[in-house]
Amino acid sequence: MSAEKTTSKLPRKLRLFYGVGEFGQQLSILTLNMYLLYFYTNIMGISGTAAGTLLLIARIWDAINDPLMGMIIDNTHSKHGKCRPYLLYCAVPAGLFLFLTFAAPNLSNTAKLVWAYCTYIGQGMLYTATGISYTSLIARITDDPMERVGLNQSRAFISMFAAIFISSMTLPVIQAIGAHSSERAGFAITVGAYGVLQALCYLCVFWLTRGYDRQEPRTERAQGTSAGKEMLSSLGYIVRNPLWRLLACGTMLYYTSAAITQGIIVYYVKYYLERPDLVGIASLCSMVSSFLAIVLLKVFARKLGKAKSCAMGVAIGLACLIIRLVTHDSIIPLYLLCLLVSGFGLGLFSSLLVPSLMDSIDYGEWQHGKRNDALVMSANSFGNKLGGGIGAALLGFMLDAVGYQAEAATQVAAVRTGLFNVAIFVPLVVFSIVFIVMLRYSRYEKQMPAIREELAQRHAAEKV
């Protein structure tokens, strides 16, 4: 069943519950970002450098895999549309590989690495297929910028709920299970349940979007043009799209920093602050305030525009980092308050990333006369995974560089200082660059109403 993309108001059921797929995504990405490095170093016994190398190699593959998957989706023709088939057929395998990534048997050192490489790369490829399909559906459902913001608001609400759930519940559940068996078993059982939930979430979105993944007529390929050449041509279009390049860079930088700040929190609170009892609370504080940002998402988007709202969110995060730099987090209530305020700003920024990238879809069509919804949106998955992988890899390298000892109950002063420097200075530098990127994006955003009007005129002329 196909449907024409529309600018009219979407059904309430779709607007409210589209975000359930985001819960499935976050079960994967947040669990990996927050706990995979800890699992590799403390449970599997892999060194920080070896784990960091693994994560980096996997993300280099993603740099190839994500755009390829975007091109495959854009060239898909099926009774379910372009995006929905991948939600149907990849949902269960994605959940299975998430479980296997955290279910490593007791193996030799070499076999541990082989298992880790196979399961993590396999999980990443399936996350690509489901994640790009899910995100790209928004651009295929509606042309209206505010309806797109609304659908992403649904994603952001459920993402926030997932973040709170995962950050506050995962470690306690693992520890509770581990108290009766082992921490290794705690990870396997907990993440196994997450894998089942993830598959159900993707299948729910497949059912919910029936009739909204419009299928364009199959076009004849130009004589002498192979499928490979056509896909490379599509890749060339987005590489020459200046707005896509700008936003893809900002997305990757943000996710790189996010992976480091999320991954280090368990080490930072446990060893720098020496308050292991606050790990769950700190994680919760860093995420719960994004609820207010999500509630006000449309207000900010209408009043300031997406670009200025994103810049403001990053500026709030920068201000909180400067306060923490001055105080060295010596005042625990102030540290937690900074996490709360920063969570609001970064929640505003991250919730507007996807609608911002969708501007580059329209810009690319205006520029080259060709839409590449999934390929353009692969920038979000690409940025999320490559940035997350680079961040996790850097964190692994930095843990070894500062002398972190996984078997030690406490860390020496040099290690504690190193943890502080990583937690503060890395996001401080990255957020400063992202702030400049968002100011540059605002120049393009001012052009978008005129560009969309011209595209509407072109589409109308094609129907005559």
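Evaluation of R218 against the conditions (1) modelled with pLDDT under 80; (2) part of a helix (DSSP H, G or I) shows that the sole unmet condition is (2). Within region 69-92, the set of residues being over 15 Å from T130 (Cβ atoms) and not charged (D, E, K, R) comprises M71, N75, H77, S78. Taken over region 405-436, residues that are out of contact with any Phe, Trp or Tyr (no Cβ under 9 Å at 6 or more places or on another chain) and either part of a helix (DSSP H, G or I) or polar (S, T, N, Q) (or both) amount to 14.
Considering I260, I264, the condition of being part of a helix (DSSP H, G or I), open to solvent by less than 30 Å² (accessible area, probe 1.4 Å) and over 25 Å from I158 (Cβ atoms) is satisfied by I264 alone. None of G345, G317 is free of Cβ contacts under 8 Å to residues at least 60 places away in the same chain, within 20 Å of the chain's Cα centre (by Cα) and closer than 24 Å to L439 by Cβ except G345.
Of S350, S378, all but one fail to be modelled with pLDDT of 80 or more and either part of a helix (DSSP H, G or I) or not polar (S, T, N, Q) (or both); the exception is S350. When you check L394 against the structure, is it under 25 Å from the mean Cα position of the chain (by Cα) and open to solvent by 10 Å² or more (accessible area, probe 1.4 Å), yes or no? When the stated conditions are applied, L394 passes them. For L54, indicate whether it is in contact (Cβ under 8 Å) with a residue 24 or more places away in the chain and open to solvent by less than 10 Å² (accessible area, probe 1.4 Å). So L54 passes the test. The number of residues in region 427-464 that are among the hydrophobic types (A, V, I, L, M, F, W, C), modelled with pLDDT under 90 and open to solvent by 30 Å² or more (accessible area, probe 1.4 Å) comes to 4. Out of curiosity, is A406 of a type in the set (A, V, I, L, M, F, W, C), open to solvent by 10 Å² or more (accessible area, probe 1.4 Å) and free of Cβ contacts under 8 Å to residues at least 60 places away in the same chain? Criteria not met by A406.
The values are calculated or read from the model by the stated rules, or taken from the named source; none is laboratory data. From a predicted model like this one, the values you see are computed outputs, not experimental measurements. Don't worry about glycine lacking a Cβ; one is built from the backbone with ideal geometry, like all the others, and counts go over all protein chains shown. The accessibility values were calculated without ligands, DNA or RNA, using every heavy atom of the protein model including side chains. Shrake-Rupley method; radii C 1.70, N 1.55, O 1.52, S 1.80 Å.
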